[in-house]
Amino acid sequence: MLAILTGNGNLDLNEEANHAIREQTANRISPVMLKVSKNDIIVRRNEKVTEKMLDALAAENETLKNRQQDSNFVQNLLYNAFWSLILVLFAGFYLMHIHPAITRSSRSIALIVTVSAISLGINYFAMEMFYFFSSILEIPPQLLPDAIPLALTAVLLTVMIGYRVALYVGLFVAMVSAIMIKGSFNVALEGFVLSALCGLMVRPSGNYRSFFLRTFLCVSATVWLLDFDWFWHLTAAPGMIFYSLLLALGNALFTAVAAMLLIFLFELIFNVSTNMSLMVLCDYNHPLLKELHLKAPGTSLHSQNVAVLAENAAIAIGANAILARAGALFHDIGKIQNPEYFIENNQSSNNPHDRLSPRMSSLIITTHVKDGLDMALQYKICRKVRRFIQQHHGTDLIQYFYHMAMTTQENVSESDYRYPGPLPHDKEVVIVSLADACEAACRSLEKPTASKIEGMVNDIFRKRWRDGQLDEADLTVEELSLINESFVYTLTTMYHSRIAYPKDENNDEDNILVPEQTPSGTEQKTPAPGNE
C-alpha cells in the first residue's frame, strides 16, 4: 500500500498491448452504413428529425460537395487551358510580325518557351509557399502578388534577347499567373509594371555585379511602392506595411539570385551572349587576344583601333557598342596562323608573297576567315562574335592580287579573288566591316590630314555601296551617314599630325644609352678580380 501511495508501484502501462487491444476491438465493430437511393425522401414534413436522418443529410451534403469540387476542377482546368492557349496564340502572332527573326530561330523560340515555363513553375511554387506560411504567420492574403517573382521573366529575356520581347513575354507570364490565382487583376497589372520597369533598369547592365544590384533595387522598390494603397491604413494596420516590405525584399533577393543562376545556365545550354559575357570577352587577358598580341602584334593593334572606331560609331547610331567592340577585337584572330603573310605583321624587307602566285596569295589571305572560325569554335566563342569573323569581309574583292593577276595572266575569274561571304547583316557587323577597311586604308596615308582622311573614308563607303557589300545591311542611309561622320572624327584624332620636336644639340655625355668611350691617350683600367 505504501508503494502504491508513493507512486513506486510495480504496475506499468504496456502501450503496445493496449494499442493492439484497441485495434482488435475497433475491427470487430462493423461500420455504420446508411443507404440513400435516388428520389428517397430523407425528412418528411412535420416529422421528427432523428439522428439517422441527420446522418443521411450530412452524407448527402458531403457527396454533393465532392461532386461540385470535381465539376469545378474540370471547369477551371478547361477555363485556364482555353485562356492560356489564347495568350500563347497572341504571343506567337506578336513575335511573328514584330520580330520575325526570332520566329525563324528555333534556338530563340526554345529559350523563350523555357524561360516562360520555368517562370510559371516558380510563380506557382511561390504561390503555394505563400498560402502555407501566411496561415502560420497570419500574413494577409492581399499581399500574395508581393510574394510572386513576376519580374524574373523580364530581367532574363531583356539581357538575352531584347527589351520588347521581354516586355511582352513578361506580360504573358503575369496574365497566366493571374489565371492561376482565379483571375487576380492585381497580379497581371503588377506583373506588367514590374516587367516594364525592371527590363529598362537591367538593360544597360555591363557586368554581373551591376545586373544583380539593378535587379534587386528595382524589384524591391517597385514591389513595395505598388502597395501604396496600404499607406492610407498605416495607423489602422501598421503590420501590413511591415509584411509588405519583408515580402518585397525577399522577392527582390530571390529574383536577383535566380536570374544570375539561370543566366549562367542558359549561356551554357543555349549558347546565348549577354552584355556581361561580352565584357568578359573584351578583356585583353583572354587567351586568344594574348596569342594574337604575341604572334601578330600588328594585327592586334589594328583590331584595337577598329574596336575604338566601331564602339564610337555604334554609340552614334544607338547600336550595341559592347557587341561591336567584342566583335572588332576578335574579327581577325585567324591571322594568328600565318601572321607573316599580312603586311601589318611583316617587319622585314622580304615579302613572302613575292614567291607566290597571285591566286595562292589570295587563298592565304581569305583563309584567315576560316581559321578564325575554327579557333573561335575551339575556344567556345559565342555565335554573335563568330558572325564578325565570318562576315566582316563579306564577298569583298582582294583588289591588289586581282589586279596583279590581270596584268600577268589570262582568263582570270573575279570570283577566285573574292571572300566567300556571307554579306554582313547586323548593324554591329556592318560597322566593324567598314571600320576594318577604313582603319587599314587611313594607316597607309602619308602625312594624314582631316581632308585626306575624310576623302578616304568617303571613297571606301562609296566602293562598298557600289560593290553590293551593303545590300543586306540592317542600316538606313541616315545611320550610314552618322557612321561616316564618327569614323572621320575618330580617325582624325588617331592619325593627326604632330609637331616636330627640336633636336637636342647637347653632347651625349649624360646619355645612358650611349656606351662610354675611353679618351684618347689614356689606358683603360682593368678591374681587379672580384670587383666585376
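The values are calculated or read from the model by the stated rules, or taken from the named source; none is laboratory data. Nothing here was measured: the structure is a model prediction, and the numbers come from that model. Positions of Cβ are generated from backbone atoms using ideal geometry, with glycine treated the same way; all protein chains shown enter the neighbour counts. Each accessible area value is taken on the protein alone, full model and side chains, heavy atoms only, with ligands, DNA and RNA left out. Shrake-Rupley method; radii C 1.70, N 1.55, O 1.52, S 1.80 Å.
Here are a few things to note about the model shown:
- Nearest-0.05 FRET efficiency for L78 and F133, computed from C-beta distance (R0 25 Å): 0.20
- If R0 equals 22 Å, the separation of the Cβ atoms of Y208 and A110 corresponds to a calculated FRET efficiency of about 0.40.
- Heavy-atom accessible surface of segment 243-308: percent carbon and sulfur, 1.4 Å: 74 percent
- Across segment 198-322, counting alpha-carbon atoms alone, Rg and Dmax equal 21.4, 74 Å.
- Calculated Rg and Dmax of segment 119-183 using C-alpha coordinates, Å: 13.1, 41
- Protection proxy ranking of 99-110, 265-276, 244-255 - average other beta-carbon atoms within 10 Å, highest first: 244-255, 265-276, 99-110
- Here, P(r) means the percent of Cα pairs in each 10 Å bin from 0 to the largest distance; for segment 66-219 it is 11, 36, 34, 15, 4, 0.
- Stretch gain in nm, segment A58-F90, where the contour uses 0.36 nm per residue and the Cα spacing is subtracted: 6.8 nm
- Cα-Cα separations in segment 237-305 greater than 18 Å, expressed as whole percent: 63 percent
- Over 27 Å apart at the Cα level, from the set K290/K380; K295/K427; K370/K463; K290/K384, are K295/K427.
- Per-peptide average of other Cβ atoms within 10 Å, ordering 186-199, 434-447, 286-299, 397-410 highest first: 186-199, 434-447, 286-299, 397-410
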